[in-house]
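Peer 1: One structure coming up, written as structure tokens, with questions to follow.
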Amino acid sequence: MVNRFQRIAGFDRSMALASSMLTAMIPLAIVYGSVLARFGGSDVAQRIIDRYGLTGSGADAVRHIFSSVTDTSTGVLGALFLTISMLSFARAVQRLFEQTWQLKPLSVRNTANDLRWALAFMLYVPVSGWLLGFVGRGRLGFWTYLVEVPLTGIFLVWGGWILSARRVVLRDLVPFGVIAAAMTTVYSVGAKLYLPRLFNSYAARYGAVGVVFAMLSAFFVVVLIIVGSAALGREVRDETARIRQGQRPPDNEVRREWDNVVGQMRERWQAGRGRISRLRSARKSKRP
């Protein structure tokens, strides 16, 4: 699993996905805020504050960021920007599945499926929030997030299937969906305790823009779990397939895999040290 995580550049992939998720969620929140305001619902800022139990400077910064959401008009340009940002996010997730399952990249040729996934994601977000209010919050919201597990698992499995252009069968994506749904639920419970401190700390240090940094940090952890679950889910699928076929791995396979991972880590470490040494040498040569 670690070897596959390295091959798909897991940390770099997670940061790219977190950035795409942030640029998609902000306009999506603006659109939802405009719709909720027309129907007399609570604004986006208050929903975020209630969901994560924000107080103090963190809550004030969230209100400041989304204070003008209810006054925003969702015209043609707003809808176009939302569509572009959601498509960009969908393609980033698509590349994750293509790399993890070693598929040929489809890029824009998979736009129809990307739009289907984007629409499903836009439905998943409010349904998830509705479950939070229907089941009840509590201090940690454990039962609420436990109810979300099957919804999240189904969405992730279907999302991998549709974004891969149905080239990965649903059965092969089940391990990924189960692992990712369980891990994101555990993270959501912990986030109820950690995120208020994160928002308050960033808001006190950077002001209102600190909310954006806090959201990016929270999204990075979520997508890191998704990326790691995709790598682990692929390995679980391959291993269960070998078990069904009666294949038995060589006794030294684990040692060979581990030596391969350690070798790759050493190569990257040495390459990084080499770049740092060259930078230091270049700086020293520029000094008078």
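Peer 1: Could you please find all residues in the stretch 195-252 being part of a loop (DSSP other than H, G, I, E, B) and among the acidic types (Asp, Glu)?
Peer 2: Here is the first cut: in the stretch 195-252, the residues part of a loop (DSSP other than H, G, I, E, B) are 207-208, 245-252.
ASP251 - this is the single residue of the stretch 195-252 that is part of a loop (DSSP other than H, G, I, E, B) and among the acidic types (Asp, Glu).
Peer 1: Just wondering, is there one or more residues in the stretch 247-259 that are touching a residue at least 12 places away in the same chain (Cβ under 8 Å) and either over 22 Å from MET86 (Cβ atoms) or assigned by TED's automatic domain parsing to the domain that holds ILE8 (or both)? I'd like the intermediate steps shown before the answer.
Peer 2: To start, the set of residues in the stretch 247-259 that are touching a residue at least 12 places away in the same chain (Cβ under 8 Å) comprises 257.
After this cut, where a residue has to be either over 22 Å from MET86 (Cβ atoms) or assigned by TED's automatic domain parsing to the domain that holds ILE8 (or both) as well, the list is 257.
Yes, some residue in the stretch 247-259 is touching a residue at least 12 places away in the same chain (Cβ under 8 Å) and either over 22 Å from MET86 (Cβ atoms) or assigned by TED's automatic domain parsing to the domain that holds ILE8 (or both).
Peer 1: Shifting gears a bit: From the list ALA181, ALA208, exactly one residue is assigned by TED's automatic domain parsing to the domain that holds THR100, under 14 Å from the mean Cα position of the chain (by Cα) and either more than 30 Å from ALA29 (Cβ to Cβ) or small (Gly, Ala, Ser) (or both). Which is it? Outline the logic, then answer.
Peer 2: Details: ALA208 fails: under 14 Å from the mean Cα position of the chain (by Cα).
Only one candidate passes the filter, namely ALA181.
Peer 1: Within the stretch 102-134, can you find the residues that are over 18 Å from the mean Cα position of the chain (by Cα) and either among the aromatic types (Phe, Trp, Tyr) or within 18 Å of ILE26 (Cβ to Cβ) (or both)?
Peer 2: TRP130, PHE134 - these are the residues of the stretch 102-134 that are over 18 Å from the mean Cα position of the chain (by Cα) and either among the aromatic types (Phe, Trp, Tyr) or within 18 Å of ILE26 (Cβ to Cβ) (or both).
Peer 1: Right, next: Looking at ALA204, ALA282, ALA271, which one is surrounded by 13 or more Cβ atoms within 10 Å (Cβ to Cβ) and hydrophobic (A, V, I, L, M, F, W, C)?
Peer 2: Numbers: ALA282 fails: surrounded by 13 or more Cβ atoms within 10 Å (Cβ to Cβ); ALA271 fails: surrounded by 13 or more Cβ atoms within 10 Å (Cβ to Cβ).
From the options ALA204, ALA282, ALA271, the qualifying one is ALA204.
Peer 1: Restricting the first residue to the stretch 151-162 and requiring it to be closer than 14 Å to LEU96 by Cα, which pairs with a second residue that is among the hydroxyl-bearing types (Ser, Thr, Tyr) and buried (at least 21 other Cβ atoms within 10 Å of the Cβ) meet a Cβ separation below 9 Å and a spacing of at least six or different chains?
Peer 2: Note: pairs meeting the criteria are LEU156/THR184; LEU156/SER229; GLY160/THR100.
The values are calculated or read from the model by the stated rules, or taken from the named source; none is laboratory data. Because the structure is predicted, anything quoted here is derived from the model rather than measured. FYI the Cβ positions are ideal-geometry reconstructions off the backbone, even for glycines, and counts take in every protein chain you see.
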